[in-house]
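Some notes on the structure that comes next.
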Amino acid sequence: MNKNNISFSEAQKINYKNNIFTTHTPVPAGIDIFHRELISKCLSEYYSKELNLSLDEFMQLGNIPNFKDLNSFNMAHLAMNNSMYINGVSKLHGIVSKDLWSDRFQSLDKDAIPIGSITNGIHIKSHTAPNLQKLFKKYLDGFWEYDLSIKDNWELVKNIPDNELWQMHIVNKNNLINFSRESTLKQNNEKGIETSKNNFENLLDNNALTIGFARRFATYKRATLIFNDLDRLDKILNNKNKPVQIIFAGKAHPKDQAGKEFIQAIYKVSFDERFKNKIVFLENYNLEVAKYLVCGCDLWLNNPRRPLEASGTSGMKVVTNGGLNLSILDGWWDEAYQSELGWKIGDRQNTFNSAENDETDIEDLYKVLENEIVPIYFDKDENGLPNLWIERVKRSISELSYYFNTDRMVMEYFNKYYLKAYNNF
Ligand SMILES: *Cc1c(COP(=O)(O)O)cnc(C)c1O
């Protein structure tokens, strides 16, 4: 406005064509809404003097059409009102966002609503264990790392000898287990809980199928779903010949009481006689803890209420580290899942925040673990290699890594939106 000496509405029209709103969650708690009084208290100088708007006019910017609640200022509405391009962060999230924000486009059929999607990706070099990167260097095309989105390069993963791939995974898994023992010892010390040498060494089993669950403890992610039937879980975890263990980590939002209660519940189960050395909760979740987990787990569990996981990215990190995914068909997994490279829980039903499908999801989760995952993991040849498991790991790496990475993602943003927006301006 100042530079070109134009009105607010003129400036708004120009910027509209240059703006892109990437919406990140369909969960209401993830979207900031500010009350009129707070807006007036903090921004009155700005909207009245700089923008030349009344409080009502300014409040209208944070309201989608015909959603006239001039007492609240919704940041997602602000972004949509002022962006020509809007996208979700997975295909499913794009579709869900059309429903969620249809009020913004009242005259349009759902199909015509201009909300697209670009599926998230991970920065492979930041999230893949160095020993696996070395292996890729050795067996993939020499130029694989200069463009990670070339499918043909990743297909060469099939040339990696099973024993080399497995050996690297075991190194990372042992690192995770050592790290978890040390962390648990430290946590216990801080609380005055004694850990004998024996306790320390018996905590977690290097030969057990190791399941990881680490993320924010938002309630829709249902961190304690697997505890639904502790007797059944006991049978799964404590099978002498086919032991299974679970490592949890994560933090709740300070204001999310239900999320904190999940952590308390996990902590309590980890002291249950039946699960003492089989279930651990690692405190102080951060990038370092996450790194050990995504690099070292055999299986990554994700069980949100569909369709609230806009994308999810931790499962992608597990892929390039040679772990397998077991997940609800939500976010990225809804488009990544194939039966030969991982497992699904439930079907494509949306429940949003209702517990309607919790029972069937948990039944499915136990069944897949008991009948498919555990048997395949422990089906080892005379050299101790789980051939069918490794076959899946290779398929998972070669079919998924080329797509769920930031090279592909950034190019998609550039081609679909950024270049157009720049030219519009
Ligand atoms: C990748 C990552 C996340 C995001 O994981 P989701 O699967 O999207 O929940 C959160 N925290 C850390 C530390 C991560 O590395």
- Query: Short version: what are the Cα gyration tensor semi-axes of segment 211-366, square root of 5 times each eigenvalue, largest first, in whole Å?
  - Reply: 21, 18, 18
- Item | Highest average packing first - 389-395, 208-214, Cβ atoms within 10 Å | 208-214, 389-395
- Note on the structure: Sparse-neighbourhood loop hits (GluC sites (Glu not before Pro), segment 317-372; DSSP loop; Cβ within 10 Å at most 10 others) -> E340
- Query: Rounded to the nearest 20 Debye, what is the dipole magnitude of the chain about its Cα centre when Lys and Arg each give +1 and Asp and Glu each give -1 at the C-beta?
  - Reply: 820
- Task: Go through segment 91-192 and name the trypsin sites (Lys or Arg not before Pro) that are in a DSSP coil and have 13 or fewer other Cβ atoms within 10 Å of their Cβ.
- Result: K191
- Item | Stokes-Einstein translational diffusion, the chain - Kirkwood Rh over all Cα pairs, 0.890 mPa s, 25 °C, in µm²/s | 103
- Query: Which aspartates and glutamates, on any chain, are close to K394 with Cα under 14 Å apart, when same-chain ones fewer than 8 places away are left out?
  - Reply: D152, E155, D162, E164, D298, E340
- Task: Kindly state, to the nearest 0.05, the FRET efficiency for K49 paired with H253, given R0 = 25 Å and r defined as their beta-carbon distance.
- Result: 0.10
- Note on the structure: The FRET efficiency for N174 and Q338, from their Cβ-Cβ distance with R0 = 25 Å and rounded to 0.05, is 0.25
- Quick one: Kirkwood hydrodynamic radius for segment 129-217, alpha-carbon pairs, angstrom, one decimal? 16.0
- Message: Accessible area per residue for the chain in Å², computed with a 1.4 Å probe and the full protein assembly in place, what is it?
- Response: 48
- Relative to the longest principal axis of the chain, what angle (0 to 90°, nearest 10) does the C-alpha long axis of helix 287-296 take? 50
- Rounded to the nearest 10 Å², the accessible area of Y16 using a 1.4 Å probe with every protein chain kept is 70
- Message: Just to confirm the filter: which chymotrypsin sites (Phe, Trp or Tyr not before Pro) across segment 123-161 are DSSP coil and have at most 10 other Cβ within 10 angstrom of their Cβ?
- Response: F143
- Given Cβ charges of +1 for Lys and Arg and -1 for Asp and Glu, the option among S354, C295, N2 whose Cα lies farthest towards the positive end of the dipole of the chain is N2
- Sort 282-291, 74-83, 38-47, 405-414 for me by packing, meaning the mean count of neighbouring Cβ atoms within 10 Å per residue, highest on top. 74-83, 405-414, 282-291, 38-47
- Candidate aspartates and glutamates - alpha carbon under 16 Å from K41, same-chain residues fewer than 8 apart omitted: E50, D56, E57
- Magnitude of the Cβ-charge dipole of segment 204-323, K/R +1 and D/E -1, about the Cα centre, nearest 20 debye? 240
- Once you put a point 7 Å from the Cα of F352 and another 7 Å from the Cα of N371, both along the Cβ direction, what distance in nm separates them? 3.2
- Query: Any number yet on Rg/Rh for segment 8-117, C-alpha, Kirkwood?
  - Reply: 0.98
- Task: Mind ranking 294-303, 25-34 by how tightly packed they are, going by the mean number of other C-beta atoms within 10 angstrom, highest first?
- Result: 294-303, 25-34
- Query: How high is the FRET efficiency between D103 and N198 when r is their beta carbon distance and R₀ equals 51 Å, given to the nearest 0.05?
  - Reply: 0.25
- Query: Taking Cα centroids, how far is segment 149-175 from segment 338-361 in Å?
  - Reply: 29
- Message: For segment 83-133 and segment 261-309, what is the centre-to-centre distance using only Cα atoms, to the nearest Å?
- Response: 27
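The values are calculated or read from the model by the stated rules, or taken from the named source; none is laboratory data. All figures in this text were calculated on a predicted structure; none of them were measured in a lab. Using ideal geometry, Cβ is built from the backbone for each residue, glycine included, and neighbour counts are taken over all protein chains shown. Accessible surface areas use protein heavy atoms only, side chains included; no ligands, DNA or RNA. Shrake-Rupley method; radii C 1.70, N 1.55, O 1.52, S 1.80 Å.
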